[in-house]
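> Take a look at this one; I'll ask things after.
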2 protein chains.
Amino acid sequence: MSDSSLQLVRGTLDLLVLKALSWGPRHGYAVSQWIKGVTEGALLVEEGSLYPALQRIQRKGWIRSRWGVSDTGRRARFYELTPVGEERLAREVRVWQRYTAAVERAVSAPEWEVE
Amino acid sequence: MSDSSLQLVRGTLDLLVLKALSWGPRHGYAVSQWIKGVTEGALLVEEGSLYPALQRIQRKGWIRSRWGVSDTGRRARFYELTPVGEERLAREVRVWQRYTAAVERAVSAPEWEVE
DNA sequence: TGCTTATACATAGGATACCTATGGGTAGAA
DNA sequence: TTCTACCCATAGGTATCCTATGTATAAGCA
């Protein structure tokens, strides 16, 4: 909420996390930095959102994890997509695009028209 | 969840309701039908979501309401935007577009890149 | 006449995903 | 030695959506 960053819209965090892991194993902190970077700071994922989300997504079987060592020599938990998670990512992208297209139609509707 | 309609993404309902009322007073049922129509059935707003949302939005001062009679001769509560609501609509549209643009950047990122 | 459908409003109760706040700990720079 | 960046994690609160259920009327049809 500080400065100009937006609150996350429910449901998009899964999508962002899965995408962040689509290039191979990454640890949680790196995921959060990637989201911040790729959205140019528009989206900030709080740690209190991210770590529970990673656990939640893992429980669903879309990612798995193991302890490792980060580039900076610290202990870190690395997550990677499972095969199910790969499929899920593709599906989440499709759903998201279908959703935003529908909202876009609504928001840009030039006149009231019901049928 | 039936057939192929999508669950609402949290936070977009306000936007859709405000937009639906941007052409003048409408009652709740008409708002739900408009959303269904304009999104070609992709978004279905459940009554258990819509009516509480209308009350919530009214409490925030973005809309006001009064009882009236619908086209079909039934009693219905008509909602309309307040001046604050008009501003809010414009703002919500901007926020939504900024948000979706950010997510789109993330989802279509061709490679991992952080700094 | 009675039945069904579409119209119209509303609430209760539950789920869940996000937030704020807080905590612990390490590596390296200043 | 102090500060910052890195890295993980949980507790508790809140908001917003869902399902399920209830009431009621108008109109069409059998």
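Nothing in this text is a laboratory measurement; each read-out follows from the coordinates by a stated rule. Note that the structure is a prediction, hence the values are computed from the model and not measured. Positions of Cβ are backbone-derived with ideal geometry, glycine not excepted, and every protein chain shown enters the neighbour counts.
> Nearest 5 is fine: what % of DSSP beta bridges in the protein assembly as shown come out antiparallel, could you say?
Of all bridge pairs located within the protein assembly as shown, approximately 90 percent are antiparallel.
> Here's something else I'd like to know. Rounding to the nearest 20 debye, state how big the charge dipole of the protein assembly as shown is about its Cα centre with +1 on each Lys and Arg Cβ and -1 on each Asp and Glu Cβ.
Once rounded to the nearest 20, the dipole reads 820 debye.
> On a 0 to 90 degree scale, rounded to 10, what angle separates helix A:28-38 from the longest Cα axis of chain A?
Roughly 40 degrees, rounded to the nearest 10.
> Any idea what the dipole of chain A comes to, in debye rounded to 20, about its Cα centre with Lys/Arg Cβ at +1 and Asp/Glu Cβ at -1?
820
> Just tell me which lysines come within less than 27 Å, Cα to Cα, of A:LYS60; anything on the same chain fewer than 8 places away is out.
Answer for A:LYS60, where 27 Å is the Cα cut-off: A:LYS19, A:LYS36, listed by chain and number.
> Please report Rg over Rh for the range A:1-94, where both radii come from the alpha carbon positions and Rh follows the Kirkwood definition.
A ratio of 0.96.
> To test your reading of the geometry: what angle, between 0 and 90 degrees and rounded to tens, separates the Cα axis of helix A:83-107 from the longest principal axis of chain A?
30
> Normalising by the residue count of chain B, find the relative contact order in percent from Cα pairs under 8 Å and 6+ residues apart.
Relative CO of chain B lands at 26 percent.
> For the protein assembly as shown, would you read off the P(r) tail past 30 Å as a percentage of all alpha carbon pairs?
Summing the P(r) tail past 30 Å for the protein assembly as shown gives 35 percent.
> Can you list, shortest first and in nm, the gaps between the label point of A:GLN33 and those of its counterparts in the other copies, using a point 7 Å from Cα in the C-beta direction?
So the distances to the same position in the other copies read 5.5 nm.
> What does a probe at B:GLU113 reach in the range A:25-49, counting residues whose amide N is under 17 Å from the point 7 Å along Cα→Cβ?
A:33-42
> On to the next question. Which Cβ of chain B lies nearest the axis of the rotation superposing B onto A, and at what whole-Å distance?
Closest to the rotation axis on chain B: B:ARG10, 2.
> The range A:46-75: which trypsin sites (Lys or Arg not before Pro) are DSSP loop and have at most 14 other beta-carbon atoms within 10 angstrom?
Within the range A:46-75, the qualifying trypsin sites (Lys or Arg not before Pro) (loop, at most 14 other Cβ atoms within 10 Å) are A:LYS60, A:ARG74.
> Quick one: give the max-minus-min coordinate of the C-alpha atoms of the range A:20-61 along each principal axis, largest first, in Å.
30, 24, 13
> Sticking with this one: Distances from B:PRO83 to the same residue in each other copy, label points 7 Å out along Cα→Cβ, in nm, shortest first?
6.3
> Taking each residue of A:9-20 in turn, how many C-beta atoms of other protein chains fall within 10 Å of its C-beta, and what is the average?
Taking all residues of A:9-20 together, the mean is 4.
> Moving on. Mind checking which of B:SER70, B:ALA101, B:TRP34 is farthest towards the positive end of chain B's charge dipole, using Cβ charges of +1 (Lys, Arg) and -1 (Asp, Glu) about the Cα centre?
B:SER70
> Once the convex hull of the C-alpha atoms of the range A:47-115 is built, how many Å³ does it hold per residue, rounded to a whole number?
Convex hull volume per residue, Cα atoms: 160 Å³.
> If you keep only loop residues by DSSP, which GluC sites (Glu not before Pro) in the range B:34-69 have at most 15 other Cβ atoms within 10 Å of their Cβ?
When the GluC sites (Glu not before Pro) of the range B:34-69 are filtered for loop state and at most 15 Cβ neighbours within 10 Å, B:GLU40, B:GLU46 remain.
> How far apart are the B:LYS60 label points across copies, placing each 7 Å from Cα toward Cβ, in nm, shortest first?
Copy-to-copy label distances at B:LYS60, shortest first: 2.5 nm.
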